[in-house]
Amino acid sequence: MTLPAKKVFIRTYGCQMNVYDSSRMADDLAPLGYATTENPEDADMVILNTCHIREKAAEKVFSDLGRLRPLKAEKDLIIAVAGCVAQAEGAEIMARAPFVDIVVGPQAYHRLPQMIGEVNAKRRIIDTEFPVESKFDLLPAPRQEGPAAFLSVQEGCDKFCTFCVVPYTRGAEYSRPVAAVLKEARGLVAGGARELTLLGQNVNAYHGATDNGASGLGALIRELAKIDGLARIRYMTSHPRDMDAALIEAHRDVPQLMPFLHLPVQAGSDRILKAMNRGHTRADYLRTVETLRKHRPDLALSSDFIVGFPGETDADFQDTMALAEEVNYAQCFTFKYSARPGTPASTMGDQVPEDVASERLTRLQALIARQQRAFNAASVGCTFDVLLTGTGRNPGQLVGKSPYLQAVHVVADPSLIGRIVPVHITNLETNSLGGVIPGTEAQVAHQ
Ligand code: SAH
Ligand code: SF4
Ligand code: F3S
């Protein structure tokens, strides 16, 4: 039987978990005859996979929905809102946007095929449950495209940082069993993946079941490293509190584990870390970084920072600047605090005025940009193993990823896509590095 060809347009906001979920939704819809499209005008179904982390991100959903409304008037179109805004504001979406057919939370999207059936029977669906069944057991195996893949191993969060919506939108911490992760990993590698990024809201809180007890992330990484053909392993996002000895030792012992770690600290002041309920001090974080660097001297770090958390004084902010100076990051994400409904911080007194927070953000960003430039500049002259992932902007050029997630452009034959090749870094471009594959310099000069 051939199914009618249909198209689904999926727009993804937010974190890598959402990127992973979007590709799993596409996997889930493929057996129904849906192919993905980049153009909403061509689509029979549109899914907005949303993010609730900051106010701006959440507001985007309603403006995007407004733009979709005329499309829906023209043709038969199913509109679904998925992700964290769906989870947090499902009822409001249904009320404010009567043309939305489906609201589905991050733990329920394996039920999309049934929901489409219901929509065809002219019903609107809202499903923001945390079902007892795990979507991971019910989704079809992921289809792998390209040499790099995400693999979700852990979801949810029990940490309840006072500013954060994730524990409410994603629910309690859950780790997939080791066997399920290994099976998915083997499938991805068989489909061509050379690099896996293990994902979780608190990925290093991973404690997946095995036949004899639970395995931490360090042990899981050692198991994954045994898979033939898997050349690179990364993981994100980790919490400083869960950087245990086994994981730190994996950085020393497992060559496939890339020397780049995203370890968000949020703030450098103990007073603010406590008010954020981060569960560690500035000194704890710096000690963890030191131990990591002792085990893996070429490790580069990145972080997330929030400025303007309620009660943050100039002195607190100085502590953040000083911590960033001390760690010396390869890159960072910096955010202005955004008060989120339902979180404890949103009702704390002493909210920081907007202009003060903006000024702090500018100063922190300038520091981080300086560190990032210095890190990239220091790469010039080095030879990195680069995973070639696709074609570059200019003819004859390929683009790839360094061990430090820097984009690298190199003149090379497209047959090398998917391979890891040594690249001598020769120059710094605006958002990337340029290099040559040793031995091919003469060819390049003739291009
Ligand atoms: N689990 C990760 C972070 C997930 S959210 C961790 O614990 O580090 C991604 C980032 O968004 C956070 O690290 C934080 O820097 C930022 N963020 C979360 N809530 C925020 C808020 N209310 N305002 C501004 N930034 C926020
Ligand atoms: Fe949010 Fe904190 Fe959980 Fe990270 S650890 S997802 S910042 S509550
Ligand atoms: Fe956003 Fe949800 Fe990820 S709120 S950052 S999409 S977990």
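So, in the range 343-376, exactly how many residues are modelled with pLDDT of 95 or more and part of a loop (DSSP other than H, G, I, E, B)?
Total meeting the criteria: 4.
Any residue in the range 30-49 that is open to solvent by 40 Å² or more (accessible area, probe 1.4 Å) and within 30 Å of residue 337 (Cβ to Cβ)?
No, every residue in the range 30-49 fails to be open to solvent by 40 Å² or more (accessible area, probe 1.4 Å) and within 30 Å of residue 337 (Cβ to Cβ).
Quick one: residue 190 ticks every box in (1) without any contact (Cβ under 8 Å) to a residue 60 or more places away in the chain; (2) within 16 Å of ligand 2 (Cβ to nearest atom); (3) of a type in the set (A, V, I, L, M, F, W, C) except a single one, so which number is it?
The failed condition is (2).
Determine which single condition residue 162 fails, assuming it passes every other condition in (1) of a type in the set (Val, Ile, Thr); (2) outside any loop (DSSP other than H, G, I, E, B); (3) touching a helix residue (DSSP H, G or I) at 6+ places or on another chain (Cβ under 6 Å).
(2)
Taking the conditions exactly as written (in contact (Cβ under 8 Å) with a residue 40 or more places away in the chain, among the polar types (S, T, N, Q), touching a Leu at 6+ places or on another chain (Cβ under 9 Å) and assigned to a loop (DSSP other than H, G, I, E, B)), does residue 144 satisfy them or not?
yes
Only one of these conditions is not met by residue 334: (1) out of contact with any strand residue (DSSP E or B) (no Cβ under 8 Å at 6 or more places or on another chain); (2) open to solvent by less than 60 Å² (accessible area, probe 1.4 Å). Which number is it?
Condition not satisfied by residue 334: (1).
Identify, please: which residue in the range 337-366 is of a type outside the set (Ser, Thr, Tyr) and closer than 19 Å to residue 159 by Cα and is, among those, most open to solvent (accessible area, probe 1.4 Å)?
So, considering only residues that are of a type outside the set (Ser, Thr, Tyr) and closer than 19 Å to residue 159 by Cα, the one most open to solvent (accessible area, probe 1.4 Å) is 341.
Hey, among 333, 309, which residue is within 23 Å of residue 430 (Cα to Cα) and either part of a loop (DSSP other than H, G, I, E, B) or among the hydrophobic types (A, V, I, L, M, F, W, C) (or both)?
333
It is to be established whether one or more residues within the range 56-72 are over 20 Å from residue 343 (Cβ atoms), at pLDDT below 95, of a type in the set (Asp, Glu) and open to solvent by 50 Å² or more (accessible area, probe 1.4 Å).
Checked the range 56-72: no residue is over 20 Å from residue 343 (Cβ atoms), at pLDDT below 95, of a type in the set (Asp, Glu) and open to solvent by 50 Å² or more (accessible area, probe 1.4 Å).
For the range 258-309, give me the residue count where each residue is of a type outside the set (Val, Ile, Thr), open to solvent by 10 Å² or more (accessible area, probe 1.4 Å) and over 22 Å from the mean Cα position of the chain (by Cα).
Of the residues in that region, 19 qualify.
Is one or more of the residues making up the range 128-141 touching a residue at least 40 places away in the same chain (Cβ under 8 Å) and touching a strand residue (DSSP E or B) at 6+ places or on another chain (Cβ under 6 Å)?
no
Here are 152, 175: which of them is open to solvent by 10 Å² or more (accessible area, probe 1.4 Å), farther than 30 Å from residue 310 by Cβ, within 16 Å of ligand 2 (Cβ to nearest atom) and of a type in the set (Gly, Ala, Ser)?
175
The values are calculated or read from the model by the stated rules, or taken from the named source; none is laboratory data. On a predicted model such as this, the values are computed, not experimentally measured, just so you know. Using ideal geometry, Cβ is built from the backbone for each residue, glycine included, and neighbour counts are taken over all protein chains shown. Just the protein is used for accessible areas: all its heavy atoms, side chains included, with ligands, DNA and RNA removed. Shrake-Rupley method; radii C 1.70, N 1.55, O 1.52, S 1.80 Å.
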